1. Checking the structure you have, find out if any residue of segment 206-215 is in contact (Cβ under 8 Å) with a residue 60 or more places away in the chain and not in a strand (DSSP E or B).
2. Out of everything in segment 122-139 that is free of Cβ contacts under 8 Å to residues at least 60 places away in the same chain and buried (at least 24 other Cβ atoms within 10 Å of the Cβ), what residue ends up being farthest from residue 233 (Cα to Cα)?
3. Residue under question is residue 211, and the condition is that it be in contact with a helix residue (DSSP H, G or I) (Cβ under 9 Å, 6 or more places away or on another chain), modelled with pLDDT of 95 or more and under 22 Å from residue 147 (Cβ atoms); does it hold?
4. Kindly check whether there is at least one residue in segment 197-205 that is in contact with a strand residue (DSSP E or B) (Cβ under 7 Å, 6 or more places away or on another chain), farther than 24 Å from residue 116 by Cα and outside any loop (DSSP other than H, G, I, E, B).
5. Filter segment 300-316 for residues that are free of Cβ contacts under 8 Å to residues at least 60 places away in the same chain, surrounded by 14 or more Cβ atoms within 10 Å (Cβ to Cβ) and over 17 Å from residue 369 (Cβ atoms) and give the result.
6. Just need a number here: residues in segment 117-140 that are within 23 Å of residue 69 (Cβ to Cβ) and either modelled with pLDDT under 95 or part of a strand (DSSP E or B) (or both).
7. Return the residues of segment 70-93 that are within 17 Å of residue 110 (Cα to Cα), in a loop (DSSP other than H, G, I, E, B) and in contact (Cβ under 8 Å) with a residue 40 or more places away in the chain; say none if nothing qualifies.
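The values are calculated or read from the model by the stated rules, or taken from the named source; none is laboratory data. None of the values given here were measured: they were computed from a predicted structure. Note: ideal-geometry Cβ built from the backbone for every residue, glycine included; neighbour counts use all protein chains shown.
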């Protein structure tokens, strides 16, 4: 959630007539305003099962706290039919304030909701609520060996048993955790220290948790890994982490916890990442989008590349054939996901770098990077989850 609040803070300043910050001078973190919808409960006869077990994908829309717009979960069936607000339709209530990127693990979907201080446990086929787990400001989730791990912005990681839905005692890991990933019998946590901009994020680190004992075993520190955010894993046990607000690079942590700078980059995805319960069975690939925004003009320069995750070799540069910006659509990527069934690439985007209050969209690309189609979404789409 802090990532989005930095962008939202810039937008808020512009809205009241201030000059926007440069990329190297990020805006301060501002807590979201509470959302108080008047239609939080649907009539009983309107609660339906919108998916009926169909194959397809969920899209999480974060909404806009400043505009008092709650988040939403949509569903797009394999035949292209789109059903908006499936969480609301299945459960008769809104999903909450500032939902983060979910995962599907087994037959269930886990949705962290930052400002509502909970993680929803949903039936992945119907989006109906199985359980809710209270936890403080959840930023991200990952899953491994029958547990779901939650990074909480208050400095702790908690884990959920996926059978009983019981929650562990909080484990202290470091300041302002964001991204989280499981590999090699360990859980890696990006402790961003995001609230410590004035001191240069001095306490940034990658916390390492031993899964078997659920204990923190070390902190990985590196001069370049300051304010780390998103994480992804590959089939070789490597973990990738981004530092979009500082060096704007992608870092690789190998199975022995050695750290190296891989490339310039802002958003990442692998075709083996832990967001679905299916494996691709294809070559291990890392996809990278490098985005640089001039906040005086809101113009964003974008490049993209593909790497062989096993060797680190660059396979392609300027991989995504993104159509030119138009007066109707301006590309401002937020995150990227890969369809494990066919390798297609889905890039969520705001409609322009200052378009957080407008409906966004998803650019879809074939596995070879050719532009395929554009899908309309709600406000601030923040992840595609395949089922």
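1. Among the residues of segment 206-215, at least one is in contact (Cβ under 8 Å) with a residue 60 or more places away in the chain and not in a strand (DSSP E or B), which makes the answer yes.
2. Looking at the filtered set, the residue picked out is 122.
3. Values: in contact with a helix residue (DSSP H, G or I) (Cβ under 9 Å, 6 or more places away or on another chain): no; modelled with pLDDT of 95 or more: yes; under 22 Å from residue 147 (Cβ atoms): yes.
In short, no.
4. yes
5. Listed by number, the list holds a single entry, 300.
6. Going through segment 117-140 one residue at a time, the tally reaches 9.
7. 71
Residue by residue, here is whether (1) at pLDDT below 75; (2) buried (at least 17 other Cβ atoms within 10 Å of the Cβ); (3) touching a strand residue (DSSP E or B) at 6+ places or on another chain (Cβ under 9 Å) holds:
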{"site": "36", "(1), (2), (3)": "yes, no, no"}
{"site": "48", "(1), (2), (3)": "yes, no, no"}
{"site": "65", "(1), (2), (3)": "no, yes, no"}
{"site": "81", "(1), (2), (3)": "no, no, yes"}
